[in-house]
Each structure stands twice: as structure tokens, then as C-alpha cells.
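> Okay, here's the structure, questions in a sec.
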Amino acid sequence: MNISVITLFPAVVQPFFTTSIMKRAQEAGKASIKTVDLRDFALDSYGTVDDRPYGGGAGMVLRIEPLHAALNQVDPNHQAHRVMTSPRGVVWNQAKAVEFSHKKDLVIIAGHYEGFDDRITQHIDEEVSIGDYVMTGGELAAAVVVDSVVRLLPGVLKKEDAAAIESFMPVSLDELEKAVGSTPELQNLRNTGGKTMVSLLEYPHFTRPQTYEGHAVPEVLLSGNPKELRVWQLRESYRITKERRPDLLS
Ligand code: ADE
């Protein structure tokens, strides 16, 4: 997958893209992550990329010309999926990450300052928010999108990691019901919601020591019985989801 991140602050995201799993994914040829400095497309030798908003108001607005020029250079024929990070975008989640992981080319514009000239939206496919809060810029949001997408690309994570039950990964209602029994929530999902799958939060993990300050690791994890282990994991995932994120079960 080819990813380009257009930003005024490449130095914010570059260390992240060249460390740990993002680095490994690129070395293995699974992803190419390029940062493009918006300042290279400035309007003048002073590096101007923003201006005061028409109609007044606080802050500066990114001008359309540098943004459009950067897009045209990175993706001249609009083959890539083009997104812009912005608090007013669709809220990012695991389903969006899975959707994006099937794209071949992805361009992300990290929005900055108070906003951007709205006419750029005619040249992008969607705006993406990472949550209902406002940051000073979209760089961290771009990093969130890239990380959650790249780790889903085939071969990036080790097989056993990828196959494990994971937060927000779908589990079949049939398998879950076998593990936890037929609860009102599951019946409701099946009958009213017409669902066959449900997304759960992840079960707890433990490593050595076996007992710490009197708290022992659950016996089932030591048993080596894969069927019992799977049932325990599903039960724990269900318990934690019901407790912390009941919205995922409704
Ligand atoms: N830029 C500023 N805040 C943001 C958010 N919550 N999501 C995406 N981009 C942003």
C-alpha cells in the first residue's frame, strides 16, 4: 500500500513512521509511507500557506492553492483515496481501518491551524476525525489512521497476533453464545438487530510471575487446553465489553 501524508510538520510524524512496526512494514515492502512538506508548495519565498479568513474571525486558514498543488503532485490522476483529518469528519473506528486497508493508494492531508479553505473538499474523498475533541493539528490524527491501517495489511503482524481476538474484532454470535450462554443482549442483537457478528473488547493478558502480590494468573491459562482457553477468552471479552462498552452490544 502506498501512503502519502501531506503536512506542514513532517518532523512530527516522521519519527513515528520510521520506528517499530511502521518501519518493519516498510522494510518488508508491505507499505510505503511518504511525508510531503506542504511548505514546499508555498505561494512565495516567505513560505506562505495560510491567510486570514474571509468574514473575519480568529486564526488563519490554509489556502487552497498549496493544498491543491500538493495533491496534484502526489496523486495527479486522483487514483488514491484522498482524506483530510478534521474534527468534523466521520469518526474513525476499526471498521474504517479495515475498509482503508483494502485501498492501494492513500493520501492523507493533515489539516492545521484554524482550518482550511473549504474548496479543497472538492478534491478529497472524505474527512476523518479521530474523536470528539480538537487538537492543534491533524498530524497525530494522520498517524493514528496510518498505524491502524498498516497493522492490518497482510504480513505486517505475526500470524498469531493477527489471528488473536482483538478489541473491536468481530466474533460470530453462534460461537459467543456457546461460550457465554444466551443472554438478553445477544438475543436482542440476533433478533432485533438481525446480526450474526459482534465486536468485542479484548480479554486480559498475563505473563510471569504466576503470582504477584497474592494475585494469581487464571488457572485456565496454565492448562494448555486450547478449547477451554478460547471459551475463557470469549467470556472475558464479553464480560469486559458489557461492563465498559455496552453500546457495542446494543
Ligand atoms: N484535527 C484537530 N482535531 C482533530 C480530530 N479530532 N480528528 C482529526 N483531525 C483533527
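The values are calculated or read from the model by the stated rules, or taken from the named source; none is laboratory data. Note that this is a predicted model, so its numbers are computed, not measured. Here the Cβ is made from the backbone with ideal geometry for all residues, glycine too, and neighbour counts use every protein chain on show.
> Within region 206-226, how many residues turn out to be over 17 Å from Glu236 (Cα atoms) and of a type in the set (Asp, Glu)?
Within region 206-226, residues that are over 17 Å from Glu236 (Cα atoms) and of a type in the set (Asp, Glu) number 1.
> Moving to a separate point now. Mind telling me which of the residues Ser182, Ser148, Ser237, Ser223 ends up being in contact with a strand residue (DSSP E or B) (Cβ under 9 Å, 6 or more places away or on another chain) and small (Gly, Ala, Ser)?
One residue alone meets the criteria, Ser237.
> Follow-up question, since we're still on this one. Could you look through region 83-117, keep only residues that are within 19 Å of Asn72 (Cα to Cα) and either hydrophobic (A, V, I, L, M, F, W, C) or free of Cβ contacts under 8 Å to residues at least 40 places away in the same chain (or both), and pick out the one that is surrounded by the most Cβ atoms within 10 Å (Cβ to Cβ)?
The qualifying residue surrounded by the most Cβ atoms within 10 Å (Cβ to Cβ) is Ile108.
> With the requirement that a residue be basic (Lys, Arg) and under 13 Å from the mean Cα position of the chain (by Cα), what does region 92-131 give you?
Lys96
Residues are listed down the side, and each one gets a yes or a no for (1) of a type outside the set (Phe, Trp, Tyr); (2) more than 8 Å from the ligand (Cβ to nearest atom); (3) modelled with pLDDT of 95 or more:
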{"site": "Arg82", "(1), (2), (3)": "yes, yes, yes"}
{"site": "Val90", "(1), (2), (3)": "yes, yes, yes"}
{"site": "Ala97", "(1), (2), (3)": "yes, yes, yes"}
{"site": "Val107", "(1), (2), (3)": "yes, yes, yes"}
{"site": "Glu114", "(1), (2), (3)": "yes, yes, no"}
{"site": "Asp125", "(1), (2), (3)": "yes, yes, yes"}
{"site": "Thr136", "(1), (2), (3)": "yes, no, no"}
{"site": "Glu139", "(1), (2), (3)": "yes, yes, yes"}
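> While we're on this one: Considering only region 122-176, how many residues are crowded, with 16+ Cβ neighbours inside 10 Å and more than 30 Å from Ser86 (Cβ to Cβ)?
4
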